[in-house]
Amino acid sequence: MPAALAVSGLTKRYGATEALRGVDLSVGEGELVGLLGPNGAGKSTLVKIACGLVRPTSGRAEICGAPAGSPAARGALGYLAELFRFPGWATGDELLRLHQRLAGSDGGAGERAELLELVGLSEARERRIETMSKGMQQRLGIAQALVGRPALLLLDEPTSALDPAGRRTVRGLLAELRRRGVAVLLNTHLLSEVEQVCDRVAIIDRGLVVAAGSPSDLARPRGVEVETASGTRVFQAASREDIPAIVERLVHAGERVYDVRLVRSTLEDAYLAAVDAPAEPHDAPATTQRRGAA
Amino acid sequence: MSDVLVVAGHALRESLRRRVFAVVVCLTLAFGALYAWGTSELFEDLAEFGPNDFGLDTRTLAGATILGLAMFGTLFLGVVLAVFLTLGAVRGDAERGLLQPLIVRPLGRRQYLAGRFLAAATVSGAYVLLVYAGAVVVTGAIGDWWPASPVGAGVRLAAAVVVVAALALLGSILLSANANGIAVLMVFGAGLLAGLLGSIGEALDSGTLQTLANTASWLLPFEALYRDALRVLVAEIPGVTGAIVQLGPLGGSHDAGALFYPYAVAYLAAVAVAGAFAFGRSDL
């Protein structure tokens, strides 16, 4: 079974600007991968190449084994652009019907009703898009991307216009998609979102994947804090496995131990460490590798 | 083919729901009313003229002249409609974020272009035929003058608008909506101006002006189609009346020649190939 998205050695040059400098990335079937990186890092370019909207300068991008941009690849994906607009004169239901026709979906009214319910817009199916709030339009955009039951969903900043409640809805939706086996590449700036829903994270900086792994692996342990009667003591190089020995040593030395905490770096720390250092190529397998924190 | 029809239907539905057609119908009715009024006044004045010594058929002269004017007006309105239906079809819609959700579907870029062209050509071509037919009927009903070959002239006029729609769609791939609208209308104006210069060149027997007009006709075939439509309109009018009406009110009649029609078809095909190539290489 080919990966939902397989990218290797991908480069893109706009004149003198190198947007991508050899990106390798894969998204497995039913996997939810977060794409992080500063503005201008090349995230949207990568997503657009996967969609066939932008042609790569070199390298390969495949969707479910088909070259990106081919009809087979486009038939296997759903996409929500960062800057999108739908025809304001159409209703939500009409928009989904149009995309059903273009996607060759035979889901009919049942599929449209299911998708609108999934994004919490059942009541707005006959409402014109121009009268919807930006958040409603963004949720409608996700429903539109799901028309035709795509194997891979490419979401470019899907929660940028949503309030906290809307973001929670989308997080629940992403979890539901994973349960259904839909692979998702989520391009976002919201680290908390990635931390909560993604199986893996790839951090892109200056056109390169500079770190990749699961959110928990990227957020590595930074030591052990022990609260004793004489104050908090920090063992910076220690890991979870060292905790029994540390406690035993302290008790043996006559300390009274009240609390022990394993201190982890946050994904934010990992992100900042990865993007602050000079960019170097990085393969993006499932294993954790960090450049900045090494 | 079904994808092409889906895109064409979507474009037409947008125009319908945006009330583009309602505005067009209202303005066209106003144009028709003014034309009917002017025609009525013209033929009333004509009744005051008695027989003349020059062999001039004043009814034919008035009818052919005012219908020629109506053809120019119809062409202009049809071109405006074609341009507004296509000016932002690619770059304009891409800049607004409307295009990307459609293009990532299995639908190909060529099918998208074909759908947009089909919608614009059908609407603007049908519009021109309807308005032209209305002008013929108004001229005949009020002035009792009917052209000998009304259908041939109308078809050429509609074909001219279809060529402009194709150029506007090609321009929409390369230029932003505003720049494209301005460029296409300026090209249209330049083409008509070249045709007028050609008419003047024929009257003054100026080879340079005629060469200029002929070159413009090959580069911009809508201009040649328009002047050929005028030729068909007045071709069978004999004598001095025929000689006068062939000079035309806005661009004289001109025989495009037998080779021109296959050339116009090849021209449209070349525009389609250029559009597909340019759009296929565009990053959106």
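The values are calculated or read from the model by the stated rules, or taken from the named source; none is laboratory data. Note that the structure is predicted; figures quoted are calculated from it, not measured. Don't worry about glycine lacking a Cβ; one is built from the backbone with ideal geometry, like all the others, and counts go over all protein chains shown.
Numerical summary
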read-out	value
The listed residue being within 11 Å of chain B (Cβ to nearest Cβ), within 24 Å of B:Val4 (Cα to Cα), outside any loop (DSSP other than H, G, I, E, B) and aliphatic (A, V, I, L, M), out of A:Leu53, A:Leu95	A:Leu95
Checking A:Leu80 against (1) farther than 26 Å from B:Gly92 by Cα; (2) in contact with a Pro (Cβ under 6 Å, 6 or more places away or on another chain); (3) crowded, with 21+ Cβ neighbours inside 10 Å; (4) of a type outside the set (Gly, Ala, Ser), the condition it does not meet	(1)
Elements of type helices (runs of 4 or more DSSP H) contained in region B:179-281, each with 1 or more residues being of a type in the set (Val, Ile, Thr) and closer than 22 Å to B:Ile66 by Cβ	B:221-234, B:239-245
Conditions (1) away from chain A (no Cβ under 14 Å); (2) aliphatic (A, V, I, L, M); (3) farther than 14 Å from B:Ala166 by Cβ: number failed by B:Leu98	(1)
Residue in region A:14-23 that is assigned to a loop (DSSP other than H, G, I, E, B) and either within 9 Å of chain B (Cβ to nearest Cβ) or on the phi < 0 side of the Ramachandran plot (or both) present	yes
Residues that are over 17 Å from A:Val47 (Cα atoms) and within 11 Å of another protein chain (Cβ to nearest Cβ), drawn from region A:73-92	A:Arg85, A:Phe86, A:Pro87, A:Gly88, A:Trp89, A:Ala90, A:Thr91
Leading residue by the ranking (modelled with the highest pLDDT) among those in region B:1-45 that are surrounded by 15 or more Cβ atoms within 10 Å (Cβ to Cβ), within 14 Å of chain A (Cβ to nearest Cβ) and farther than 23 Å from B:Val79 by Cα	B:Val6
Only one of B:Val245, B:Val234 that is modelled with pLDDT of 75 or more, more than 20 Å from B:Gly171 (Cβ to Cβ) and surrounded by 17 or more Cβ atoms within 10 Å (Cβ to Cβ)	B:Val234
A:Leu46 surrounded by 24 or more Cβ atoms within 10 Å (Cβ to Cβ) and either touching a helix residue (DSSP H, G or I) at 6+ places or on another chain (Cβ under 9 Å) or over 20 Å from B:Ser282 (Cβ atoms) (or both)	no
Residue within region A:138-155 that is in contact (Cβ under 8 Å) with a residue 24 or more places away in the chain, farther than 26 Å from A:Ala68 by Cβ, not hydroxyl-bearing (Ser, Thr, Tyr) and not assigned by TED's automatic domain parsing to the domain that holds A:Arg167 present	yes
Residues located in region A:138-184, provided they are within 14 Å of chain B (Cβ to nearest Cβ), out of contact with any helix residue (DSSP H, G or I) (no Cβ under 6 Å at 6 or more places or on another chain) and assigned to a helix (DSSP H, G or I)	A:Gln138, A:Gly141, A:Ile142, A:Ala145
Qualifying positions in region B:94-123 - among the hydrophobic types (A, V, I, L, M, F, W, C), surrounded by 21 or more Cβ atoms within 10 Å (Cβ to Cβ) and either outside any helix (DSSP H, G or I) or touching a Ser or Thr at 6+ places or on another chain (Cβ under 6 Å) (or both)	B:Leu99, B:Val104, B:Leu107, B:Ala120
